[in-house]
Amino acid sequence: MESIIQDWGYLALAMYSFGGGMLGLAVASIFSFTGELNIYYVIIVAFISNFVGDQFLFTIARNNKEQAKEMMKKHESKIQIAHNMMTKYGWLTIIFQKYIYGIKTLIPLIIGITQYDKTKFMIFNLIGAIIWSVVVGLTAYFMGQIVIDIFSQYKNYALIFILIVVGLIIYKLNKL
């Protein structure tokens with residue numbers, strides 16, 4: 001298992017972080033705690049991939065507005081939430097959207113179809129990706145032993161616990 005993580009861990013993290021990737025970053029950071037990955041590389045890979053992913057979504061929407069609008073039609077309630085956040089919090093939404101499950105990939109698309117300045121988006125996206133990768137990466141890294149202890153102590157119940165948590169998250173998100 002260690003060989004697979006060392007051989008493919010950074011690539012998997014890059015692919016996962018391209019579309020968000022908070023869980024992937026947390027898991028990779030815990031693997032860094034165990035010595036299987038390097039925390040500095042984990043943070044750098046997650047930062048670059050997340051930044052590029054959001055820039056990609058913004059650019060796709062900016063250059064293909066009608067397609068982006070059509071693609072987002074099925075997410076009307078989430079679009080309304082994102083619009084309200086942009087109206088209320090402005091550029092802070094770009095920085096902190098990386099933490100908001102369910103709309104984090106929609107926000108770059110939504111902003112891309114507007115007249116929002118692409119340089120401003122890039123700067124705030126850069127700041128957000130740095131903060132996100134460092135905060136999530138280091139938090140998970142420093143909590144590595146706690147997570148390992150919990151999974152060791154309750155390894156027989158871990159799958160059930162994970163399924164319950166995922167089920168609750170999906171249930172809550174569908175209520176939005």
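Readers should treat all values here as calculations from the given coordinates under stated rules, not as data from a laboratory. Computed from a predicted structure; not experimentally measured. Note: ideal-geometry Cβ built from the backbone for every residue, glycine included; neighbour counts use all protein chains shown.
I'd like the per residue volume of the convex hull spanned by the Cα atoms of the chain, given in cubic angstrom.
In the chain, the Cα convex hull volume per residue is 122 Å³.
Each of Trp8, Trp91, Trp132 was scored by other Cβ atoms within 10 Å of its Cβ. Arranged with the fewest first, they read Trp8, Trp91, Trp132.
Counting only alpha carbon atoms, the long axis of helix 2-17 and the longest principal axis of the chain meet at about 20°. Counting every other Cβ atom within 10 Å of each residue's Cβ, Phe142, Phe96 order from fewest to most as Phe142, Phe96. Relative to the longest principal axis of the Cα atoms of the chain, helix 39-63 runs at roughly 20 degrees.
Can you check what the net charge comes to around Leu126, using other residues whose Cβ is under 15 Å from the Cβ of Leu126 (Lys, Arg +1; Asp, Glu -1)? Provide the component values of the computation, followed by the final result.
Numbers: positive: Lys98, Lys118, Lys120; negative: Asp54, Asp117.
Counting the neighbours of Leu126, the net charge comes to +1.
Looking at this model, which pairs from Lys78/Lys98; Lys98/Lys120; Lys65/Lys172 are more than 19 angstrom apart at the alpha-carbon? Cα-Cα > 19 Å for Lys65/Lys172; rest within. Relative to the longest principal axis of the Cα atoms of the chain, helix 144-153 runs at roughly 60 degrees.
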